[in-house]
Amino acid sequence: MTVAATLRLGCVLMMVALCGVDRSAVAADASSAEGAKVFQIDIRNFAFAPKTITVPAGARVVWTNRDEEPHVVTSAGAQFTSSKALDTSDSYGVTFSKQGTYTYYCSIHPMMVGTIIVQ
Amino acid sequence: MQDVHDNPTEGRRQFLKCMAWAGAGTLWLMKSGVLHAQPLGDGTAAAAKDASFSFVQISDSHIGFHKAPNMDVAATLRQSLALINAQANRPAFLLHTGDLTHLSRPDEFDTLAGLMQEAHVGHTFYVPGEHDVIGDNGAEFFRRFGERQQAGGWYSFDQGGVHFVGLINVLNLRAGGLGSLGADQLVWLKNDLAGLSSDTPLVVFAHMPLWPLYPAWGWGTDDSAEALSYLRRFGSVSVLNGHIHQIQQKVEGTITFYTARSTAYPQPAPGVGPGPGPLQSVTADALHRYLGIRDVRHVRGADALAVTEEVLS
């Protein structure tokens, strides 16, 4: 690999890191880089908390797994992209630009259900 | 146990060792749908002598888990396999009832496959747990561990006059629901059993419990009642599951349900505490009390078929 290619790869990796899940650790009233408000949902004791959340259009919702068990955030009607397996302390964020009611669940513990109402 | 009063710490350790020993000494005898427990001893030897064959069930090895209470799940699985290898009578096969891995990662599957080669058994049958099908609906699991009988992954086989059925109940799960078998698998199961005489002993296994053990924690299967309706005409049915990391049993007519312990970590009893998940408070000393493998012997008795079960660890 050339030096230039290595640098390019480095930049790509840095961008991935900046755009990835790391930013999701911000508090609920924080804003994302795009200026959208961020709403936190904790996954704890095999439940989403809060279970139902109402957010304005354009808000970013970030789930963080506080359990020792992995969880997978999955849209019930494939309305948004599912997360990968979230291990302890992993986060996953989705920006909701359209109004509507979004039901989701954990694909490996399907009794875990939550709702996002976008106004 | 003389040192109990002399050294509290050592006394507790000794007590736990004794408990472990006592835990190893239970033989389960199932006769005509009723489960009998007896301590290991002369009775065990007699039961083993009558066995036409035996097999071993292990479950929930969760390779990749590395937190309290078990930082080394590979080591505890290895201990279980060593116990199996130490059996005087070689088991006909090994059964792994799912959650081989913690996160369905290829390196976790690699580790599990490598460890399982240490078992001195002819064949290991697997069914997936929900931890084995994350992200790819089980494609990697089935590629490595599938029996390749049916597109959906379910299968059946016969051993010593007993019909075994491996079911998949961790795919296509519905929001708000429990485990699921699905219409295709139910049709197959009905056909698979259709040609069998009612006196054929059945052993049916799947990862999640096939009875509503504790639905609030997801411990059950939505359409298990339909499957069970196909089993009721048979005189001897054993249903073996994993998932809940503890032994729970139930007898319903001629059907006896068992859930196995995990080789990795225990979970709380149904409804005890805020939710399922690893029992983190278990100390390293006590962990082996909660882990396990089971050895099921098929006994051809004089007048009735029975399955005897022995907890090995």
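The values are calculated or read from the model by the stated rules, or taken from the named source; none is laboratory data. The structure presented is a predicted model; accordingly, all values stated were derived computationally and were not measured. Here the Cβ is made from the backbone with ideal geometry for all residues, glycine too, and neighbour counts use every protein chain on show. In case anyone asks, the SASA skips ligands and DNA or RNA and just uses the protein heavy atoms, side chains included. Shrake-Rupley method; radii C 1.70, N 1.55, O 1.52, S 1.80 Å.
Keeping all protein chains in the complex and leaving out DNA, RNA and ligands, what accessible area do you get for residue A:117 with a 1.4 Å probe, in Å² to the nearest 10?
Ignoring ligands and nucleic acids, residue A:117 comes out at about 50 Å².
Ignoring ligands, DNA and RNA, how much accessible area is buried between chains B and A, both sides summed, with a 1.4 Å probe, to the nearest 100 Å²? Don't skip to the end; give the middle numbers.
Numbers: alone 13620 and 6960 Å², together 18910 Å².
Result for this pair: about 1700 Å² buried.
Find, among the chymotrypsin sites (Phe, Trp or Tyr not before Pro) in segment A:50-119, those assigned to loop by DSSP (not H, G, I, E, B) with at most 13 other beta-carbon atoms within 10 angstrom. Don't jump to the answer; show the numbers that get you there.
Working: sites: A:63, A:80, A:92, A:96, A:102, A:104, A:105; in loops: A:80.
When the chymotrypsin sites (Phe, Trp or Tyr not before Pro) of segment A:50-119 are filtered for loop state and at most 13 Cβ neighbours within 10 Å, nothing remains.
Probe radius 1.4 Å, ligands and nucleic acids left out: which of B:123, B:62 has the largest accessible area, and how do the rest follow? All intermediate terms of the calculation are to be shown ahead of the outcome.
Values: B:123 80, B:62 0 Å².
Descending order: B:123, B:62.
Tell me the volume per residue, in Å³, of the convex hull enclosing the alpha carbons of segment B:101-215. Mind dumping the intermediate values first?
Working: hull volume 14.9 nm³, N = 115.
Cα-based convex hull of segment B:101-215, divided per residue, equals 130 Å³.
At 7 Å along the Cα-to-beta-carbon direction for both residue A:82 and residue A:115, put a label point, then send me their distance in nm to one decimal.
Taking the simple label geometry, residue A:82 and residue A:115 are separated by 2.3 nm.
Probe 1.4 Å, all protein chains in place: accessible area of residue B:233 in Å², nearest 10?
Approximately 110 Å² for this residue.
Figure the gain on full extension for residue B:214 and residue B:251 (residue separation times 0.36 nm, minus the Cα-Cα span) and round it to one decimal in nm.
On the way: separation 37, 0.36 × 37 = 13.32 nm, distance 1.59 nm.
Length gained, residue B:214 through residue B:251: 11.7 nm.
Using a/c under 1.5 as the rounded threshold, could you call segment B:186-257 rounded, prolate or oblate? The axes a ≥ b ≥ c are square roots of the C-alpha gyration tensor eigenvalues, and prolate needs a/b larger than b/c, oblate otherwise. Write down the numbers at each step before the final one.
Details: a/c = 2.26, a/b = 1.64, b/c = 1.38.
Since a/c reaches 1.5 and a/b is larger than b/c, the shape of segment B:186-257 is classed as prolate.
With heavy atoms of protein chains only and a 1.4 Å probe, what residues of segment A:105-119 have at least 30 Å² less accessible area in the full set of chains than alone?
For segment A:105-119, once contacts with the other chains are taken into account, A:105, A:108, A:110, A:111 lose 30 Å² or more.
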